[in-house]
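Down below is the structure, laid out as structure tokens.
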Amino acid sequence: MRSVLLLACLLVLAGFRAPPAVAQQQGVQRCTTMSGETVYTDKRCEDVGAMDRLPSTTSTNPTGALYRGGCSRTLSDLVMQVSSAIQARDVNRLAGVYHWTGTSDAGALRILDRLDVVAQRPLVDIVPIRPAPAPILDAEGSVVDANQDGYYPQTATQRQRPTGLRVVQTLKNSATPADTTFGLRRAYNCFWITL
């Protein structure tokens with residue numbers, strides 16, 4: 001009787017098919033548009049003309065170090081690497097995304113000291129620096145507004161990639177703001193920071 005019951009269970013299980021695997025859904029991304037607005041999307045931030053702002057740096061690694069398989073191919077990845085290096089207070093990780101090409105030994109020591117100061121401060125935000133928008137022209141080509149105040153948002157044709165990153169921090173054990181501006185460099189098909 002047991003063998004008949006076991007055989008019946010095996011036949012039922014053999015005929016049972018698991019539902020097909022559903023493609024993993026990508027999480028919701030928090031992105032910042034060129035005009036500074038926050039947008040939530042299920043696409044990559046670069047696909048909607050935006051970039052990540054202070055991405056999550058949580059890790060299952062007990063040391064807190066994220067695996068990096070190469071250099072930062074996107075601005076979002078570069079921002080994540082800078083953010084995680086500062087939050088971990090790891091100057092070596094921050095130096096890993098720095099563009100060192102053409103730097104002398106003495107210059108490298110000065111830069112490393114500056115990076116160490118940045119890595120030791122509490123992080124508030126990382127803000128993209130964009131070129132100033134073009135002036136607003138009328139139909140005859142006369143300047144209506146020099147657009148110095150940034151009141152007019154950039155149109156889709158005026159969107160430009162960031163030229164730098166402003167790291168907003170506070171001094172250690174205080175609320176005094178301390179900003180550091182990094183330039184952006186594209187080399188070897190990757191993004192790097194510069195001082």
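Quick note: the coordinates plus some simple rules give every number you see, no bench work behind them. Only a predicted model underlies this, so the values are computations on that prediction, with no experimental measurement involved. Positions of Cβ are backbone-derived with ideal geometry, glycine not excepted, and every protein chain shown enters the neighbour counts.
Ranked by the mean number of other Cβ atoms within 10 Å of their residues, highest first, the peptides 174-186, 115-127 come out as 115-127, 174-186. Per-residue Karplus couplings for segment 46-51, computed as 6.51 cos²θ - 1.76 cosθ + 1.60 with θ equal to phi - 60°, are listed in order as 4, 6, 10, x, 9, 9 Hz, Gly and Pro entered as x. Close amide H partners of VAL39, meaning residues 5 or more places away or on another chain with modelled amide H under 5 Å apart, are CYS31, THR32, THR33.
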